[in-house]
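Accompanying notes for the structure given below.
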């Protein structure tokens, strides 16, 4: 029983972090029906940068979140404007392949700059663990969860209570109609991609404190993130939150009973089950993904 | 048969004859190895193009099936002593059968779920190879029995084997391209709804295209296990293999049978020299990043690939002045002509 509670607690904490990473992915999918294969690579790239900021300049990872978000927003907007915009309208599969290319450029660059060995963002508070009864709670996971929740609330507010957010949601629902009612769809897409990338960047320092990373560790993450956004319904923000929580808990509870090597299998089992039983996920719409 | 048509049909025999003759003049091991890899990549890329190019569904499972093919063939050899060069076609069929099941799940919805499922499959296959330690020895890898053959012929044997697989891939792709099946696949790429409306069983077509595509990945993986005499989860599922087969197809031209072959014959030798030339500590990383750059640049600036772009340029040069009135007819004729040329 204690084990199970332990799993639930860790699951919720991890789920918040998954939600942060998945929200950017589902936002990007929403506005242009593009699976950003480079999404987790961007997260890991941000982890590396926060490691460098910490070790060479001494900037705390929690502070570097803000810096990296701004830098990555600009970078993401430039990538969208320079590369992806032209491809999305012509042939979505080319845009998808371009994101695959971006993932590999990032991975190769990381390997060349930081070598292929493990890195971890180590702060003075990295190894602190609290004990509540028989349950242990790493401080870093609590911080990660709290920061994720704050960022997600900010993102939710942005999407639901601002003009920009309304334009993004309109673009998500229907690109051509949004264009008709006066939304500058290509500009909104550039901004939305920038936001998605910036959100990914905020996750980098956070996961870098708990999970060691190396150049190709993003492949492990992107598989999990894809399972989350499919379970939630591609393009759905609410769905991604719920799915992240469910899969975070499922993962943490499962690895109490089976070797952790198989943890990612939980995600793939859910992925296949969803696609067989309910391909549109929790909050997706039938046929919407074919637009 | 006019002379022109004969040339159009039979020209591949010339490069083929040259490739068959090459080893007789004593290619050294470096070049035998380079050609073996080029053929392997070309065959896999032609295979990938059947689903990724003709049908327009981006598959990321071909890497998973390459690795699975390596493992299935390796395990057959390791535990039962079945020679890989004989079982490779069978391994291809095992992979294709699995691909049918995967396709059934992934192709129920249109669009992005195929990409996601195929990528997930590659991860799952690698995870199984890594974690079913009792069977696969995990990350230590499987050391396979060596081929019982005079070592001086070993390079030639693999050279001709993969040349044969490549020829088969091209013949199959041409056959598909000229059949109603191939037309159906292209119709699916252009407009799946209309293709379905015109009576094409799109699900069956897509799954068949996927299976054929995967057969070549499985066979290439199987042969590669014997080539290295070794299988491990990192080598069998190396990302750069997937990247290569896609970049080669895209660079050469996705709408053409010969595109991936051209792409492979350009890109692999270049990479081979590049990796020898770069300092070994960062060669792998720079290699990966550069291939990513090539993928982005081709997708952004030459998505039609060398063959189609070249054919269009040639077309424009041959008919430089197009009167206004006849322009639509020419414009309408150009794409179909370039399609047929491929």
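The values are calculated or read from the model by the stated rules, or taken from the named source; none is laboratory data. Nothing here was measured: the structure is a model prediction, and the numbers come from that model. Glycine also receives a Cβ, built like all others from the backbone with ideal geometry; neighbour counts cover every protein chain displayed.
For residue B:71, state whether it is surrounded by 23 or more Cβ atoms within 10 Å (Cβ to Cβ), under 25 Å from residue B:161 (Cα atoms) and either without any contact (Cβ under 8 Å) to a residue 60 or more places away in the chain or more than 14 Å from every other protein chain (Cβ to nearest Cβ) (or both).
yes
Is it true that some residue in the range A:49-59 is within 26 Å of residue A:28 (Cβ to Cβ) and either touching a strand residue (DSSP E or B) at 6+ places or on another chain (Cβ under 8 Å) or within 14 Å of chain B (Cβ to nearest Cβ) (or both)?
Among the residues of the range A:49-59, at least one is within 26 Å of residue A:28 (Cβ to Cβ) and either touching a strand residue (DSSP E or B) at 6+ places or on another chain (Cβ under 8 Å) or within 14 Å of chain B (Cβ to nearest Cβ) (or both), which makes the answer yes.
Looking at the range A:53-68 only, could you name the residues that are closer than 16 Å to residue A:206 by Cβ and in a helix (DSSP H, G or I)?
A:53, A:54, A:61, A:62, A:63, A:64, A:65, A:66, A:67, A:68 - these are the residues of the range A:53-68 that are closer than 16 Å to residue A:206 by Cβ and in a helix (DSSP H, G or I).
Residues in the range A:25-45 that are modelled with pLDDT under 95 and more than 14 Å from chain B (Cβ to nearest Cβ): how many?
Count: 1.
Just to be sure, is residue A:124 part of a loop (DSSP other than H, G, I, E, B) and surrounded by fewer than 15 Cβ atoms within 10 Å (Cβ to Cβ)?
Criteria met by residue A:124.
Only helices (runs of 4 or more DSSP H) wholly contained in the range B:124-195 count here; list those with 3 or more residues that are crowded, with 16+ Cβ neighbours inside 10 Å and more than 14 Å from chain A (Cβ to nearest Cβ).
Result: B:151-177, B:180-190.
I'd like the residue in the range A:187-198 that is within 11 Å of residue A:28 (Cα to Cα) and within 16 Å of the chain's Cα centre (by Cα) and, out of all such residues, is surrounded by the fewest Cβ atoms within 10 Å (Cβ to Cβ).
Selected residue: A:194.
Of the residues A:237, A:213, which single one is within 30 Å of residue B:240 (Cα to Cα), touching a residue at least 24 places away in the same chain (Cβ under 8 Å) and more than 14 Å from every other protein chain (Cβ to nearest Cβ)?
Step by step, each of A:237, A:213 is checked, and only A:213 is within 30 Å of residue B:240 (Cα to Cα), touching a residue at least 24 places away in the same chain (Cβ under 8 Å) and more than 14 Å from every other protein chain (Cβ to nearest Cβ).
Looking at A:123, A:99, which one is in contact (Cβ under 8 Å) with a residue 12 or more places away in the chain and within 14 Å of chain B (Cβ to nearest Cβ)?
A:99
Within the range A:181-231, can you find the residues that are outside any helix (DSSP H, G or I) and either in contact with a strand residue (DSSP E or B) (Cβ under 9 Å, 6 or more places away or on another chain) or farther than 19 Å from residue A:247 by Cα (or both)?
Within the range A:181-231, A:181, A:182, A:183, A:184, A:212, A:213, A:214 meet the criteria.
Output the number of the condition that residue B:221 fails; it satisfies all remaining conditions of (1) modelled with pLDDT of 95 or more; (2) assigned to a loop (DSSP other than H, G, I, E, B).
(2)
Which one of these is assigned to a helix (DSSP H, G or I) and within 20 Å of residue B:242 (Cα to Cα): B:47, B:56, B:101, B:8?
B:47
Could you tell me whether residue B:295 is at the interface with chain A (Cβ under 10 Å from one of its Cβ atoms), in a helix (DSSP H, G or I), modelled with pLDDT of 95 or more and surrounded by 17 or more Cβ atoms within 10 Å (Cβ to Cβ)?
Considered against the rule, which asks whether it is at the interface with chain A (Cβ under 10 Å from one of its Cβ atoms), in a helix (DSSP H, G or I), modelled with pLDDT of 95 or more and surrounded by 17 or more Cβ atoms within 10 Å (Cβ to Cβ), residue B:295 comes out as yes.
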